[in-house]
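The values are calculated or read from the model by the stated rules, or taken from the named source; none is laboratory data. Note that the structure is a prediction, hence the values are computed from the model and not measured. Quick reminder, even Gly has a Cβ in these numbers, built from the backbone with ideal geometry, and neighbours come from all protein chains shown. Surface areas here come from the heavy atoms of the whole protein model, side chains and all, with no ligands, DNA or RNA. Shrake-Rupley method; radii C 1.70, N 1.55, O 1.52, S 1.80 Å.
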Amino acid sequence: MEASEFALYNIEQWFRVHRPETLIVPLAGDVKDAARLDEIFATWKPQLVFHAAAYKHVPLMEVANAWQAVRNNVLGTLLVAAHAQRFGAERFVLISTDKAVNPTNIMGATKRVAELIIRQKNRSGDTRFAAVRFGNVLGSHSSVVPIFQQQLRAGGPLTVTDKNITRYFMTIPEAVQLVLESASIMQGGEVFVLDMGEPIRIYDLATTIIQLSGLEPEKDIRIEVTGLRPGEKLQEELRLPEETVVK
């Protein structure tokens, strides 16, 4: 199920070209629409639910759209999880974020509440619930690398909010593998995190992208430091102090 018609169309077209043997049923809908969820779960009775619907842009959700973040990320998760239990889904995987750890912004707080909903739901019924925490996914929609590439094509500057800001990164294949493996090995109640190595300084990433284009930072293309945005952390974390990490 997808709320964006354009995204739904793109997904359907990709499967038509690359996986024509796979039956795809594109369903338009919103996780906040209980009646539509009733219809879809009653008709298709999914065994495995991947819940990826979220508003994820930190500054956009911080002030003017805070209630929409709560409605979508918290109440939407609650509705989908309740339907998964009610209609007998075997497993439910929530896509969460490293911003849910000690959150300093509305988006991160809503995703932390979503994690707590999943943990509570796992304590009753037969459906097993787990979550996966992502860092930044390289090349995904609205992520930093496509933005840098767009700024580079426009002649710069590349914008960085702080010279010392760092983020964890993973590739799209790594993200997909994390979700699928987590769904395979989950027992219920876990939060899965990919070992993404050391966090990367965004300023260094901007410098590297300029150099890989055959240009010289600050000479051919300027890097502009714009200041931290509302709710933005300098460094992200992957786990809470009370959480135990098992390889």
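Share of the chain's accessible area from carbon and sulfur, percent, 1.4 Å?
55
Can you work out ³J(HN,Hα) from phi for every residue in segment 225-237, in order, using Karplus 6.51 cos²θ - 1.76 cosθ + 1.60 and θ = phi - 60°, giving whole Hz and x for Gly and Pro?
With coefficients 6.51, -1.76 and 1.60, one gets 8, 9, x, 4, 8, x, x, 7, 8, 6, 10, 8, 10 Hz.
Per residue of segment 5-15, in order, report the coupling 6.51 cos²θ - 1.76 cosθ + 1.60 (Karplus, θ = phi - 60°) as ³J(HN,Hα) in whole Hz, putting x for Gly and Pro.
4, 4, 5, 4, 4, 4, 4, 4, 5, 4, 5
Report the extension gain between residue 19 and residue 5 in nm, rounded to one decimal, defined as 0.36 nm multiplied by the number of residues separating them, less their alpha carbon distance.
Values: separation 14, 0.36 × 14 = 5.04 nm, distance 2.03 nm.
Answer, rounded to one decimal: 3.0 nm.
For residue 163, go through the aspartates and glutamates and keep the ones whose alpha-carbon is under 20 Å away, minus same-chain ones fewer than eight residues off.
Output for residue 163: 198, 204, 216, 218, 220, 224, 232, 236, 237.
If I model a spin label at residue 38 and residue 163 as a point 7 Å from the Cα along the Cα→Cβ vector, what separation in nanometres do I get?
Calculated label separation equals 5.9 nm.
Using a cut-off of 14 Å between beta-carbons, work out the net charge of the residues near residue 158 (Lys and Arg +1, Asp and Glu -1, residue 158 not included).
Every neighbour counted, the sum reads -1.
Which far-off residues, 5 or more places away or on another chain, put their amide H under 5 Å from the one on residue 128, with H placed in the peptide plane?
So residue 128 has HN proximity to 91, 92.
If each residue of separation counts as 0.36 nm, what is the full-extension length gain between residue 30 and residue 63 once their alpha-carbon separation is subtracted? Please list the in-between numbers first.
Numbers: separation 33, 0.36 × 33 = 11.88 nm, distance 2.26 nm.
Difference between extended and current length: 9.6 nm.
Among all the lysines, which ones have a C-alpha under 16 Å from residue 111's C-alpha, if same-chain residues fewer than 8 places away are not counted?
32, 56, 99, 121, 233
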